[in-house]
Ligand SMILES: [Zn+2]
């Protein structure tokens, strides 16, 4: 049996054949050659060789960090973290590195205390342990819960696609209080957007976020009242349910369809650039089109968008 085949068999037996990682991830599992993971992190496409090296050093740093509490859970809540595939560990660590590569000050605060991520081998294991919907952030346990196959599902094409982990990370960041370093906040703001965040507070990002979010909300409300004269909001009605979904949905869109996002709402887009310290458009010649198309087709269908509980922070 080749090494690659045995890596694939390992995933099959761990997940009942339900998680089929791409060949690149399997190869990484076998060889440990980190550059095999380039496909998972669009940021690599805009970095210099030297920066790419620093990026992967950061990925390794997170993957081995004592406060990066990544657990693997099987059916009947059995903790089998000792069987965690290296590709899974580095994929999750890499998403954190990608979001915070240019804001390692925020990342350092985030990892100052244990941060919990629970990966499930199969959907039944996820449900047995209280997982909700297709993945979730569980505030009581302060952890992201997600089925392993969902980490890989958006990476079968030539460019990265859906990334439910980034969505759940948006929820987790909403709960993170960068000022005191603990979880338990939940005000619809990322770390770095509150005055109380101290050194990591980024005033320009906060101002733009408030301005840009207000514009999104006004456009959404216009659609609700049947006024079609304004441009459509960037996000789907799903993310207008409340402030938490807004943070989760727009975080994922910044990292997947930055061109459309920036064209529709330049202020809100710039808030993300200021906050994360880089312009994600440099990594994308063309957006991942799925969210753009799904969101556009909803608003153009003439359906009335559902109720929103979005709030706008005080300037
Ligand atoms: Zn959500």
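FYI, it's all coordinate maths here, none of it is from the lab. Since we're looking at a predicted model, the values are computed, not measured. Using ideal geometry, Cβ is built from the backbone for each residue, glycine included, and neighbour counts are taken over all protein chains shown.
Sorting 186, 163 on the 10 Å Cβ count, fewest up front, what's the list?
Values: 186 17, 163 23.
In order of increasing Cβ crowding within 10 Å: 186, 163.
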*Using mean Cβ contacts within 10 Å as the protection proxy, how do 173-182, 114-123 order, highest first?*
114-123, 173-182
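Please report the antiparallel percentage of DSSP beta bridges with both residues in the chain, rounded to the nearest 5.
Numbers: 6 of 17 bridges.
Percentage antiparallel, nearest 5: 35.
Just to check, using Stokes-Einstein with a Kirkwood Rh over alpha carbon pairs, what's the diffusion coefficient of the stretch 119-185 at 37 °C and 0.692 mPa s in µm²/s? Don't skip to the end; give the middle numbers.
Details: Rh = 12.8 Å.
Once the numbers are plugged in, D ends up at 256 µm²/s.
Restricting things to Cα coordinates, could you compute the convex hull volume per residue of the chain in Å³?
On the way: hull volume 41.8 nm³, N = 315.
Dividing the Cα hull volume of the chain by its residues yields 133 Å³.
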*asked:* For a bin width of 5 Å, list the pair-distance distribution of the stretch 209-291 built from all Cα-Cα distances, rounded to whole %.
replied: 3, 15, 27, 26, 18, 8, 3, 0
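What value does the stretch 173-262 have for Rg/Rh, both radii from Cα atoms and Rh as Kirkwood defines it?
Details: Rg = 14.2 Å, Rh = 14.1 Å.
Using only Cα positions, Rg/Rh for the stretch 173-262 is 1.01.
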*Any chance you could get the radius of gyration and Dmax over the Cα atoms of the stretch 55-136, in Å?*
13.6, 40
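Quick one: compute the contact order of the stretch 202-300, relative version, from alpha carbon pairs under 8 angstrom and 6+ residues apart, as a percent. Write out the running numbers ahead of the final one.
Working: 101 pairs, mean separation 36.0, N = 99.
It rounds to 36 percent for the stretch 202-300.
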*Calculate the radius of gyration of the Cα atoms of the stretch 86-235 to one decimal place, then report Dmax, the largest Cα-Cα distance, as a whole number, both in Å.*
17.5, 51
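Given the stretch 85-205, what percent of its DSSP beta bridges are antiparallel, to the nearest 5?
Values: 4 of 9 bridges.
Antiparallel bridges: around 45 percent, rounded to the nearest 5.
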*Pairs of Cα atoms farther than 14 Å apart, the stretch 106-149, %*: 48 percent
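Would you calculate a helix-derived [θ] at 222 nm for the chain, using -39,500 (n - 2.57) for each DSSP H run of n ≥ 4 and dividing by the full residue count, to the nearest 500?
Rounded to the nearest 500, the figure is -14000 deg cm²/dmol.
Please state the relative contact order of the chain as a whole percent: Cα pairs under 8 Å, 6+ residues apart? Write down the numbers at each step before the final one.
Values: 497 pairs, mean separation 48.5, N = 315.
So the answer I get is 15 percent.
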*Counting pairs of Cα atoms in the stretch 3-175, how many percent are more than 26 Å apart?*
24 percent
*Among DSSP beta bridges whose residues both lie in the stretch 3-175, state the antiparallel percentage, nearest 5.*
30 percent
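Wrap a convex hull around the Cα atoms of the stretch 251-315, take a quarter of its surface area, and give that in square nanometres. Each step should come with its number before you reach the end.
On the way: hull surface 22.1 nm².
It is 5.5 nm².
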*Round to a whole angstrom and tell me the spacing of the C-alpha centers of the stretch 2-56 and the stretch 155-185.*
20 Å
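So for 106, 52, fewest C-beta neighbours within 10 Å to most, what's the order? Present the calculation step by step, with values, prior to reporting the outcome.
Details: 106 24, 52 18.
Lowest to highest Cβ neighbour count: 52, 106.
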